[in-house]
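**Student:** This is the structure, below, for whatever I ask next.
Derivation of every value follows stated rules applied to the coordinates shown; laboratory data play no part. Keep in mind that what you see is a predicted model, and the values were worked out from it rather than measured. No Cβ is skipped: glycine too gets one built from the backbone with ideal geometry, and neighbour counts run over all protein chains shown.
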Amino acid sequence: MSNEAPHTVGDVMSAQEQELPASIQIPVIKGEMLQLRPARIEDLDVLDDIDAFYGAATITGRSGDAERSVVNSWVRDSVAWSLGDVDVEATLYAHGHTRTISWTMLKKVAGSTSPDDLSPIGMVFLTRVDPWSHSARIQVVLGRDFRGRGYSRDAMPRVMTYGFAAAPVGLNLHRIWVTVPEKNTRAISVYQSLGFTPEGTLRHALWDEDDAKYQDQVIMGTLADEYDPVRALDAFGMRMNPENPGVREALAAHEHSIEIVRDHGDGTMEVRSLEDESADVAAKTASEPVANEVKAQKHHHVDSDDADKEQWPYPEREDNNTTATSSKRAWWRRLGRGRDRSTQAES
């Protein structure tokens, strides 16, 4: 077992060597309906008790037994990593240079008056945490009786906020992605409401057990400069908890975007609120450039396009005859363009 002190993933993911630490301290994350704590080995037995693998073929495209086996390996990998007890050789063989972080989802026991009386209802995972590409995959596993009640929508944005937050508070991720069977249209809709964009399809990658035929697997993802943690929760009537990791950083990002100055090109300028501006930008097509805009917070000067291009390490791509990066076209990032993501909010 390593004698090193626990780190956050971001401590090392922000370094040039881009290697994961020997151990990490997985944070507790609090939602409105539930609480997430680091998963434990004994929690695996509870997943069977709450029938968490029921319908796995429809939800993830794997059989219940296969899903159970995968989740088992994720939890054990997460626990070993938090203890600094990773078998490096075995892990490299099974997962390459990536790791897994697992949380158990807990909700208050009905009828209990104690806030500490919590029962497991499922798990949420960040798998394939990759220090090279700064990416990770997110997945939720819920007990049969706890599905469709909003628990995923409460948990996922908070985990993603932690994942995207700059080091050392968060994981300093650039991309979070999911995979979903094409038949699971409900999950696809939820992911889109959280800011995920369909990125591609793996043809006939999964077996459809109900119809006894192959089905496609949809890949969806979102980038740090596209994801808006405030709106991801607000869309479902939920609020951010300032005690959670990454929240202060997310709110600081919005502080840089509270006030926008629009240049009308006729010698007049208009100061607009974030809400008014976001409504206008959202109404425009994704490929249409927002013209004649000068974005600033009070008297802050926004970088020029050339300077901005040097600052953002994203590839250029041709889309509808417009050369741009997808992250730059994200409306909320455009409003806050020019800010330094490494700057931490004052407590």
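**Student:** Order of Tyr162, Tyr227, Tyr54, Tyr151 from fewest to most other C-beta atoms within 10 Å?
**Tutor:** Sorted ascending by nearby Cβ count, the order is Tyr54, Tyr151, Tyr227, Tyr162.
**Student:** If you don't mind, another one. List the residues whose amide H sits under 5 Å from the amide H of Asp208, counting only those 5 or more places along or on another chain, with H placed 1.01 Å from N in the peptide plane.
**Tutor:** Under 5 Å from the amide H of Asp208 lie the amide H atoms of Lys213, Tyr214, Gln215, each far enough along the sequence or on another chain.
**Student:** Sorted from fewest to most neighbouring beta carbons within 10 Å, what does the list Leu206, Leu47 look like?
**Tutor:** Fewest-to-most ranking of Leu206, Leu47: Leu206, Leu47.
**Student:** Taking Cα atoms of region 9-249, Rg/Rh with Kirkwood Rh, to two decimals?
**Tutor:** Taking Rh as the inverse mean 1/r over Cα pairs, Rg/Rh reads 0.94.
**Student:** While we're looking at this one, here's another question. How would you rank Ile26, Ile101, Ile41, going from fewest to most other Cβ atoms within 10 Å of each one's own Cβ?
**Tutor:** Fewest-to-most ranking of Ile26, Ile101, Ile41: Ile41, Ile26, Ile101.
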